[in-house]
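Enquirer: This structure is in structure tokens; I'll ask about it shortly.
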């Protein structure tokens, strides 16, 4: 159980640091694109680096949480 908590803390802290770097790095990007989500189309144009960074951070969070769910505890050894 403590390994799962440690993995979740590391995952969330790394994602928070990535979010901070993304916010600082996407301040002055000029290449912008609109997001089309079917019916809901945004009016704002987001920088390309911001979009790529956002999806990278979401992938990092989902990968870390998936690791927590599939991590077996040491008590269930079947050998």
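Enquirer: Can you compute the FRET efficiency between residue 3 and residue 58 using 1/(1 + (r/R0)^6), with r the Cβ-Cβ distance and R0 = 22 Å? Round to the nearest 0.05.
Expert: With R0 = 22 Å, the Cβ-Cβ based efficiency is 0.40.
Enquirer: If the chain between residue 13 and residue 66 were fully stretched, how many nm would it gain, using 0.36 nm times the residue separation less the Cα-Cα distance?
Expert: Computed gain between residue 13 and residue 66 is 17.5 nm.
Values in this text are rule-based calculations from the coordinates and carry no lab data. Note that the coordinates shown come from a computational prediction; the quantities given were computed from them, not determined experimentally. Please note: Cβ atoms are built from the backbone with ideal geometry, for glycine as well, and neighbour counts cover all protein chains shown.
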